[in-house]
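Chemist: So that we are looking at the same thing, I have put the structure below in structure tokens.
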Amino acid sequence: MQRLNISDDGRQICLVDECNRVLWTAGVPPLADWRRLCGGMQSDASLERGVYRWVNGADNFKIVVVFSPYGGLDFNLTYSISSGELLGIQEAR
């Protein structure tokens, strides 16, 4: 079974397989991806100091993890299980 690990400092996530082999890793999303997928009013500084919090759902194709920009609201970031590509950003409610 695959699982998503969040680093102790919350700055990186990685998907590992049942043998603990890393399948992909992702750091804090860059501002360009944030604007492309969300159009939110984030800044480089708020993203650079933001952290991943917890896994908020998964299925066979995607995994959702909560990310908190510094001084802002929480967001659900959706990643492709197969590639680690950031697919979507939505405000967490």
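Read-outs: derived from the displayed coordinates by stated rules, not from any lab. Being a predicted model, the structure only gives us computed values, none of them experimental. Every residue, glycine as well, gets a Cβ built from its backbone with ideal geometry; the counts of neighbours run over all protein chains shown.
Chemist: Among the residues of region 11-32, count how many are in contact with a strand residue (DSSP E or B) (Cβ under 8 Å, 6 or more places away or on another chain) and either closer than 19 Å to ARG53 by Cα or of a type in the set (Ser, Thr, Tyr) (or both).
Modeler: So the answer is 12.
Chemist: I need every pair where a residue in region 14-36 that is without any contact (Cβ under 8 Å) to a residue 40 or more places away in the chain has its Cβ under 8 Å from the Cβ of a residue that is of a type in the set (Ser, Thr, Tyr), sequence separation at least 6 or different chains.
Modeler: CYS14/SER7; CYS14/THR25; LEU31/SER43
Chemist: Going through region 1-42 one residue at a time, which ones are out of contact with any Asp or Glu (no Cβ under 9 Å at 6 or more places or on another chain) and β-branched (Val, Ile, Thr)?
Modeler: Within region 1-42, ILE6, ILE13, VAL16, VAL22, THR25 qualify.
Chemist: Can you name the residue in region 1-42 that is within 15 Å of GLY84 (Cβ to Cβ) and acidic (Asp, Glu) and, of all such residues, is surrounded by the fewest Cβ atoms within 10 Å (Cβ to Cβ)?
Modeler: So the residue we want is ASP17.
Chemist: Let me ask you something else. For region 19-46, which residues satisfy the criterion of being part of a loop (DSSP other than H, G, I, E, B) and under 11 Å from LEU4 (Cα atoms)?
Modeler: Within region 19-46, just ASN20 meets the criteria.
Chemist: Among the residues of region 44-72, how many are more than 20 Å from ASP9 (Cα to Cα) and of a type in the set (S, T, N, Q)?
Modeler: The number of residues fulfilling the criteria is 1.
Chemist: Mind checking which residues of region 43-86 are surrounded by fewer than 15 Cβ atoms within 10 Å (Cβ to Cβ) and hydrophobic (A, V, I, L, M, F, W, C)?
Modeler: Within region 43-86, ALA45, TRP54, PHE61, LEU73 meet the criteria.
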